[in-house]
Amino acid sequence: MTGAAGEEGATARARQEAADWFARLRAGASEAELAAFAVWRADTLNGDTYDRLARQWEQSRFLANTSLGRGRDLSRASVWHRRPVVRVAAVAALVVLIVGGGLWLHGGMRSDQAAAPVAYASKADAVRTVTLADGSRVTLDRSSAVQVAYSASERRLELLKGRARFDVAHDPARPFAVRADGGTVVAHGTIFDVELRPALVRVVLLRGSVEVRADPVVARGAPGRMLVPGQALVYAHGKAPSPPVAADPADTAWPGAMLSFDATPLREAVAGFNRRNAVKLVLGSERIGDLRITGAFAADDPAGFAQAAAAMFQLDLRRQPDASLALH
């Protein structure tokens with residue numbers, strides 16, 4: 001009895017915490033909050049509870065099918081926007097109703113009614129794939145996060161952190177757009193990657209076609225850049241996208257278990273491992289980064305890759321005080 005009561009208490013606590021996190025992420029999360037959320041979600045019970053909540057919220061049409069949603073008082077909007085605490089509390093209250101009461105309301109979505117944004121995040125040690133309501137799939141690299149908001153007229157997403165692969169279900173009536181740091185990737189029935197790096201965003205197209213657009217204030221009426229399969233481009237915040245170039249094959253292999261390199265500069269190979277693992281690799285000099293490596297290596301084994309590179313190029317491999325691995 002005690003064990004059952006304890007399990008029930010843990011489940012109830014996970015539901016409440018999931019509701020709190022869901023509300024906080026909807027209101028806008030900082031980098032520190034996203035990191036804390038990833039730690040919390042690493043617990044299996046927490047992760048399963050949050051995913052169940054996110055699916056219920058995304059698939060239901062709670063606000064669109066209640067008298068509150070249809071007859072909302074717009075005169076209260078200024079209070080809503082001025083006080084984020086009120087906004088978080090209100091969202092959390094609705095979430096508790098859905099999770100605690102098992103509420104599941106279906107119905108047609110009005111053309112002007114967008115579903116509430118839903119955030120998905122991956123753990124630091126695993127790639128995660130999420131299937132969205134329209135059948136599209138989002139694969140999140142390690143320590144990555146994306147926000148999804150669908151309406152009857154568009155499918156809008158935002159990459160919040162890290163890198164993601166978007167496998168888009170064809171729907172000509174609803175454009176699929178991914179926003180990332182000052183630009184937007186628009187696609188119909190295609191597969192592409194978007195990666196947030198410290199100073200720029202990288203887009204790689206695997207199938208179909210996409211258009212990469214800068215914010216209107218940057219573009220000033222200029223057309224977006226079109227990509228064809230096998231091409232990539234980058235853009236920095238506040239700047240127009242660069243001309244397309246051929247994508248490095250290693251850039252498209254990240255969701256798999258192996259990383260493959262073909263005469264790839266060692267610095268680029270090291271960067272690929274560092275994006276996926278907590279244990280970081282460090283190069284002792286720029287000259288070492290110019291060395292070119294060929295082969296396939298387990299993506300989650302940076303130590304094995306470092307040992308192979310050390311043997312291949314007769315380098316010294318040292319473990320640093322911060323647990324990183326340095327090649328000299």
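The values are calculated or read from the model by the stated rules, or taken from the named source; none is laboratory data. What you see is a predicted model; the values in this text were computed from it and never measured. Cβ sites come from the backbone with ideal geometry, for glycine too, and all protein chains shown count toward neighbours.
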### Message
Any residue that is surrounded by 22 or more Cβ atoms within 10 Å (Cβ to Cβ) and farther than 23 Å from Ala246 by Cβ - is there at least one of those in the range 174-182?
### Response
yes
### Query
Which of (1) out of contact with any helix residue (DSSP H, G or I) (no Cβ under 6 Å at 6 or more places or on another chain); (2) outside the structural domain of Ile191 (by TED's automatic domain parsing); (3) charged (D, E, K, R) does Arg267 not meet, given it meets every other one?
(1)
### Query
Within the group Glu158, Glu195, which residue is surrounded by fewer than 21 Cβ atoms within 10 Å (Cβ to Cβ), outside the structural domain of Glu33 (by TED's automatic domain parsing), modelled with pLDDT of 95 or more and closer than 23 Å to Asp125 by Cα?
Glu158
### Message
Quick check on the range 260-278. Is at least one of its residues among the basic types (Lys, Arg) and closer than 20 Å to Leu140 by Cα?
### Response
yes
